[in-house]
1. Just need a number here: residues in region 66-83 that are assigned to a loop (DSSP other than H, G, I, E, B), in contact (Cβ under 8 Å) with a residue 24 or more places away in the chain and surrounded by fewer than 12 Cβ atoms within 10 Å (Cβ to Cβ).
2. For region 36-65, which positions are surrounded by 13 or more Cβ atoms within 10 Å (Cβ to Cβ) and of a type in the set (S, T, N, Q)?
3. When you look at V33, is it under 11 Å from the mean Cα position of the chain (by Cα), surrounded by 14 or more Cβ atoms within 10 Å (Cβ to Cβ), within 16 Å of T66 (Cα to Cα) and modelled with pLDDT of 90 or more, yes or no?
4. So L59 passes all but one of these: (1) outside any helix (DSSP H, G or I); (2) without any contact (Cβ under 8 Å) to a residue 24 or more places away in the chain. Which condition number does it fail?
5. Within region 20-45, track down each residue that is without any contact (Cβ under 8 Å) to a residue 12 or more places away in the chain, outside any helix (DSSP H, G or I) and of a type in the set (G, A, S).
Amino acid sequence: MTAAQLDAAPRGEADRADLARHAFPLPPTPGAVPSVRHRVRAVLGGWDLPTGAADDVLLVVSELVTNALVHARPPATLRMWRVPFGGRG
């Protein structure tokens, strides 16, 4: 789902309360990856994720931020959001 689709999707009141969004501008500097990773880690700490999930997210964030800084033109922004998930099965 794209960010535009997520924004346009109808939500019940409970869903809106659980939706958390964050945006982190990516400064085009060598220290951007650890800085953004640190900020994302702080956000993930409040999301009550399953064991190991935060580490997986941080790995993906590191790769995405690195690729954005190497291959994209500034400005770049990392956007992340948490939506309710009912679990598997």
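1. Step one: list which residues in region 66-83 are assigned to a loop (DSSP other than H, G, I, E, B), which gives 72-75, 83.
From what's left, in contact (Cβ under 8 Å) with a residue 24 or more places away in the chain: 74-75, 83.
After this cut, where a residue has to be surrounded by fewer than 12 Cβ atoms within 10 Å (Cβ to Cβ) as well, the list is 74-75.
The number of residues fulfilling the criteria is 2.
2. S62
3. Numbers: under 11 Å from the mean Cα position of the chain (by Cα): no; surrounded by 14 or more Cβ atoms within 10 Å (Cβ to Cβ): yes; within 16 Å of T66 (Cα to Cα): yes; modelled with pLDDT of 90 or more: yes.
The answer is no for V33.
4. All conditions pass for L59, except number (1).
5. Selection gives G31 alone.
The values are calculated or read from the model by the stated rules, or taken from the named source; none is laboratory data. Bear in mind that the values here come from a model prediction, so they are computed numbers and not experimental data. Every residue, glycine among them, receives a Cβ derived from its backbone with ideal geometry; neighbour counts consider all protein chains shown.
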